[in-house]
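Only one structure is covered here, and it is reproduced in the block below.
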Amino acid sequence: MRIVNAGLLILMFSVGVFAQGNSVDAVVADVNGEKITVGDVLYEMGKLTTDAQQKILQDPNGKTELVNSIIRKKLLVAEAKSYGIDTLDFVKKAVQRSAEDIYAQVLLGTIQQQNSQVTDEEISKFYNDNDSLFRVPVRYHIAQIVLPDEKKAQDLYKKLKKGKISWDDAVKENPGMGNNKSGDAGWMFANQIVPAAQNALKDMSNGDISEPINVGSTYYIIKLIESEPERKLTLEEAKNNIAQYLSQKKGQNAIVDYQNKLYMHAKISIDNAVLNSINLGGQQAPPPNK
């Protein structure tokens, strides 16, 4: 199998930059003659957690801070080399292990990419074979009034039923408690609603209001604005999600198969005596005498 360019990982991080006409080799900064490129910046960005990335994207000075962090690291690396730290055996071993991780990741990423293509026929078959996965439950658009006790809830319900107060005025007079607000609650699937409210909604028509519903120490009066019956997603609606799922599954299976094939064809020997002497929970035990 032909392996694609080893720069695949960097290219994954650089789509947005290419869209702006920049190259991963464009120079962003220079530190004592050593250049920092767009690719270096993208690589450092890709190493960060999602939260850290968001902070950089939202901060007007985020890019500058990211480049400054690279500059500080470059200075530390140069200083370390001046002390000969790069020649220490344990450092060289650590670098080798990191390189091995990168080689393996790029190879497996390539194997996954080359084996993740999904056909329309495969998508249609998965859709037809998994009917229950594409069932969308009943959906309700509701409004609510949140009340602190049963008496107040019952009194308000009677006023609403007799037309002595409008729904909008009732919401204004009873705004809710804390984060539990009265008003439009938006669309909700049936399985997102507490059972007592589900039971009430089953028998309601658009515009109806429910009797007070007790949930814990709080009472709710709900109004059904509109509803959508249970339905099945169309193939067109589900197509992208199916393709993504099948693509990921095929890619992962290809990775497992590829690794198993390599393992089966390799000449491997394991010294179980040494293996069993390793204390993974702490300091390594000495190997047994032979």
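Points to keep in mind about this one:
- Looking only at segment 22-44, residues that are part of a loop (DSSP other than H, G, I, E, B), more than 15 Å from Lys73 (Cα to Cα) and either over 31 Å from the mean Cα position of the chain (by Cα) or not hydroxyl-bearing (Ser, Thr, Tyr) (or both) come to 4 in all.
This table checks each residue for (1) in a helix (DSSP H, G or I); (2) closer than 30 Å to Pro175 by Cα.
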position	(1), (2)
Ala196	yes, yes
Tyr220	no, yes
Ile225	no, yes
Ala238	yes, no
Gln244	yes, no
Gln248	yes, no
Asn253	yes, no
Tyr258	yes, no
Ile268	no, no
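- Only one of the numbered conditions (1) within 30 Å of Tyr219 (Cβ to Cβ); (2) assigned to a helix (DSSP H, G or I); (3) modelled with pLDDT of 95 or more is not met by Ile145, and that is (2).
- Given (1) surrounded by fewer than 16 Cβ atoms within 10 Å (Cβ to Cβ); (2) over 30 Å from Ile221 (Cβ atoms); (3) of a type outside the set (A, V, I, L, M, F, W, C); (4) in contact with a strand residue (DSSP E or B) (Cβ under 7 Å, 6 or more places away or on another chain), number of the condition Pro137 does not satisfy: (2)
- Only one entry in Leu75, Leu88, Leu108 is among the hydrophobic types (A, V, I, L, M, F, W, C) and either within 30 Å of Gln259 (Cα to Cα) or under 31 Å from the mean Cα position of the chain (by Cα) (or both), namely Leu108.
- Residue satisfying all of: in segment 52-85; part of a helix (DSSP H, G or I) and hydroxyl-bearing (Ser, Thr, Tyr); surrounded by the fewest Cβ atoms within 10 Å (Cβ to Cβ) among these: Ser82
- Qualifying residue in segment 86-94 (condition: surrounded by 11 or more Cβ atoms within 10 Å (Cβ to Cβ), of a type in the set (Val, Ile, Thr) and either in a loop (DSSP other than H, G, I, E, B) or in contact with a Phe, Trp or Tyr (Cβ under 9 Å, 6 or more places away or on another chain) (or both)): no
The values are calculated or read from the model by the stated rules, or taken from the named source; none is laboratory data. Here the structure is a predicted model, which means the values were calculated and not measured. Using ideal geometry, Cβ is built from the backbone for each residue, glycine included, and neighbour counts are taken over all protein chains shown.
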